[in-house]
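Down below is the structure, laid out as structure tokens.
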Amino acid sequence: MSIGTQRARLFVAVITAFAGGLIVASGLNWTKLGFAQSRPASAIVQPIADASNAFVAIANNVTPAVVSIEVISNPKTGTSSQRGRAQQLPQGVPPGMEDFFRQFDIPQQQRPMRGQGSGFIVTSSGYILTNNHVITNSDRETIADKVTVKMLDHRVFTAKVVGHDRTTDVAVIKIDGNNFPTVSLGNDVTSRIGEWVLAIGNPLGLENTVTAGIISAKGRSLAELMNPNGTNQYAISDLIQTDAAINPGNSGGPLVNSRGEVIGINSAIASPTGYNAGYGFAIPVTLAKRVMDQLIANGRVRVPALGIGIDDVSPEDAAVAGVKDIRGVLVRNFPTENTPAQKAGLQPGDVIITADGQPVDRVSTLQRIVRNHNPGETIEIEAMRYGQRKTFRVTLMEAPDQQVAQADAPAPASSGGILHPALGISVAPVSPEIAAQARLTPPVRGVLVSDVTPGGPADQKLAPHDVITEVLFPLPRRAINTPAEFQQVLSRLKDGDYVSLSVYSLDTRDHAPRIVNLQIGK
């Protein structure tokens, strides 16, 4: 046998042995595929492609019903003196001749104010949902002089304002025609934090822009949007937060879930620059739809209300009320006398823990529950009061029209006062002059907070020109008319105890009282 033949047979034997070993090893699961082969490339790419295709499908389905809204507000005619102050001199006026040209008082030509936003069509007959601040002037109450709607297919319509509501920042406009493309309205209540959403609109003049993100939070408050001057206590604080990019011009556009359903109206951003910084806010669509239905039916919104001023509960509020968990809504005050909640027996300092049989953990939750009813309907309220659970049946009233902002009352002069280190405040008597200036009704007098220690128990809860009129807790309640009476109450308390005070501010004209709960020495 030749050497070549022997080598060939040896090579075949080695290959056969190696192949057999692989077969045996694989049968005994001794070998595994390498990492690069553990998942085919298509298995990795496919989920991404699925998500991408879903976004494409949603955008294709929704964008035809998203519109661009342009508004024009004509300048208001001012007086001749106002026109003179606004006058700009012609260019090239020789030095020393300025007064000669000013004598003619040529009025400066003012240009119309223009604004731009978004909206979406909800009925084939042309009803469109958008924001109140898109179609109104800077006061958010007077409607712009002209509202124009431009569609994706470049059709342009002059829109009629059906109705608008400042408290929810919702507006409804109408264009003439039929068979318009529409969006599907979803249910924001069932949406969850972390779900994918798309924001669609016309930011910065860029039409039909789609951005993606997630629901970052729910039940957010944004007082600057709904209540910029602090004059409307019925403004909502139940917004959806998203990190989908929202910029100026997105206002009024839809926030869409992964099923292509609208769950919110994009309304605001929180940004130091005025542009997207990852914090966008949308009005829940369930609330917007309820407002829309009322605006279409009545041209106005009947807002149900308990007739109370409310705040989220602080640890001190929960401790005083006897709520084990720090949750619920504090009854701060009553905006007027004989409100439904007051007549039902609720008191300032109560902490509402359920409404209409549903748990209440914060202001936005209570607002949502109440908003699902109509004025005149009765709901059951459960509240904690100094460790006792109490039940009340409250017939909802219609919230009054938005109040006109009032100028602040002149601040009273005060100097010094008696220091109470346990609370970190100094108090002084309310003089007859201050009482008369503030129009206080005898025998209410109280003690004036003249100073607040930074970092103390009362810091950011009390302020100079606040007046403490009553100690509500510890029981029994006691009216306060002099610094000595206040000191007598505090002398019975020790570090760690809680005190509940009835307080109002001299810096406002209505002097509506509020509840302030503090922990001694903390």
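All of the numbers you see were taken from the coordinates with simple rules; none came from a lab. Keep in mind it's a predicted model, so treat the numbers as computed, not measured. Cβ placement follows ideal geometry from the backbone for every residue including glycine, while neighbour counts extend to all protein chains displayed.
Structural remarks
- Checking the Cα-Cα distances for K218/K324; K289/K390; K150/K289 against a 28 Å cut-off, the pairs over it are K289/K390.
- Counted charge near L287, where neighbours are those whose Cβ lies closer than 13 Å (Asp, Glu -1; Lys, Arg +1): 0
- Taking a Cβ cut-off of under 10 Å around N202, the surrounding Lys, Arg, Asp and Glu residues balance to a net charge of -1, with basic ones at +1 and acidic ones at -1.
- The amide H of S184, built 1.01 Å from its N in the peptide plane, has V262 as neighbours under 5 Å, considering only residues 5 or more places off or on other chains.
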